[in-house]
Structure formats: C-alpha cells, structure tokens
1. State, to one decimal in nm, how far the label point of Q39 lies from the label point of E24, with both points 7 Å from Cα in the Cβ direction.
2. State the Cα centre-to-centre distance between segment 128-147 and segment 26-48 in whole Å.
3. Compute the Cα gyration tensor for segment 104-173, then decide on rounded, prolate or oblate, letting a ≥ b ≥ c be the square roots of its eigenvalues: rounded whenever a/c is under 1.5, prolate when a/b is larger than b/c in the other cases, and oblate in all that remain.
4. From Cα pairs below 8 angstrom and at least 6 apart in sequence, can you work out the relative contact order of segment 74-173, rounded to a whole percent?
5. Round to the nearest 10 and report in Å² the accessible area of W115, as given by a 1.4 Å probe over the protein chains' heavy atoms.
6. Towards the positive end of the charge dipole of segment 21-173, with charges on Cβ (+1 Lys, Arg; -1 Asp, Glu), say which of M125, A35, V165 has the farthest Cα.
7. Find the eigenvalues of the gyration tensor of the Cα atoms of segment 73-112, then list the square roots of 5 times those eigenvalues as equivalent ellipsoid semi-axes, largest first, in whole angstrom.
8. Near I59, within a Cβ-to-Cβ distance under 14 Å, what is the net charge of the other residues, with Lys and Arg +1 and Asp and Glu -1?
Amino acid sequence: MSQGAERKTKMNQVFRALEENDIEEFHRFLTAAYAEDLQYGIYFQAAFATITDITTHLINNLCYVMEQDGIIISSCSLRMPWGPNPGPEIFPHLGWVSTRPEYKHQGFGSKMLDWVEQEILIKQMKAPAVTLGTAEEHPWLIRMYEKRGYVAFEKRRLHEDHITVYMKKILRP
C-alpha cells in the first residue's frame with residue numbers, strides 16, 4: 001500500500017495520509033484532542049499548533065489520520081532521523097499521536113498506532129524500531145505505551161512543565 005493509499009475497515013474507517021487541504025480541519029482536531037492534556041498542566045506543542053505550524057509539520061514529516069464517516073478521529077505523525085526535527089535515535093519517531101475527545105478510551109488511538117506500526121513502519125519502511133516521547137507527569141500515557149511494547153530509555157527536561165520520557169519499541173528483531 002502506498003503512503004497516500006487508503007485502507008477501509010469496519011464502520012467506514014479510513015486510514016490515510018494527511019493532505020494539504022485537510023490542514024484547517026486538522027487544526028480544529030488537534031486543538032480539541034490536546035485539550036485534556038492542558039488540564040494536567042502539560043503543554044504539548046501540538047496543542048498550540050497554528051495553521052503555519054501544521055503546514056510546516058506536514059511538509060517535513062509523514063502525517064496520518066484515521067477517519068470515521070469522514071471525520072478525523074485519530075492521528076499520528078512520523079519524524080524521520082534525516083528530517084529537521086529528528087527523534088533521539090536513528091529511527092522514525094512518533095509524534096502528534098492524538099484522538100478526538102469524544103472517541104478517547106475506546107481503542108481508536110490503538111488502532112491508529114497499530115496501522116502506522118504495521119502498514120507504514122514494518123511493511124513499507126522496514127524500520128527495525130520506532131521511538132516516541134511523552135510526558136512523565138501524564139497520568140496514563142506511559143502505562144499505555146508500555147502495554148504496547150514500548151520501553152523507556154531516557155528522560156530529558158525539554159520544557160518547564162514536564163519531563164520528556166523517551167520510549168522505544170523494537171519492530172523487527
């Protein structure tokens with residue numbers, strides 16, 4: 001399946017690459033999806049992304065969404081080691097992993113991650129591993145990623161409001 005190809009599943013779910021004409025809708029989606037994190041005092045960059053930030057992000061990274069009935073309900077981006085904002089190691093780095101508030105805690109984020117890991121990282125890129133960063137102070141994200149096979153390997157204070165925990169998952173031993 002090519003990067004821009006769609007894959008349909010049950011309930012009219014479509015996984016696809018984000019496109020330039022999606023930017024305004026995606027901006028509204030990110031603002032809503034990251035609102036919960038603000039309640040925890042965690043200010044992820046995506047929560048404040050402007051249209052310009054999203055456009056730059058789309059130009060420099062691979063960005064994917066899951067839609068249901070034409071509505072973006074989950075997203076995930078991949079920053080590449082050779083790009084302008086690489087992760088901490090020489091592997092693709094997950095970012096902007098989010099789900100629309102009314103769909104949270106129903107497994108949609110996991111479906112999004114499963115699709116990116118299997119279809120993009122393993123099948124297309126043949127990536128041996130993937131990394132991500134999350135806030136140590138977040139009440140449930142680290143445990144969620146650990147259940148998915150991610151292992152913490154480093155902590156850094158990159159922002160005043162939280163400590164970033166870097167995690168890695170081996171995809172191809």
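1. With each label placed 7 Å out from Cα toward Cβ, I get 2.9 nm.
2. Segment 128-147 and segment 26-48 have Cα centres separated by 17 Å.
3. The shape class here is oblate.
4. 25 percent
5. 10 Å²
6. After comparing all options, I get M125.
7. The equivalent ellipsoid of segment 73-112 has semi-axes of 25, 9, 6 Å.
8. Every neighbour counted, the sum reads -3.
The values are calculated or read from the model by the stated rules, or taken from the named source; none is laboratory data. Everything numeric in this text was worked out from a predicted model, so none of it was measured. Please note: Cβ atoms are built from the backbone with ideal geometry, for glycine as well, and neighbour counts cover all protein chains shown. Each accessible area value is taken on the protein alone, full model and side chains, heavy atoms only, with ligands, DNA and RNA left out. Shrake-Rupley method; radii C 1.70, N 1.55, O 1.52, S 1.80 Å.
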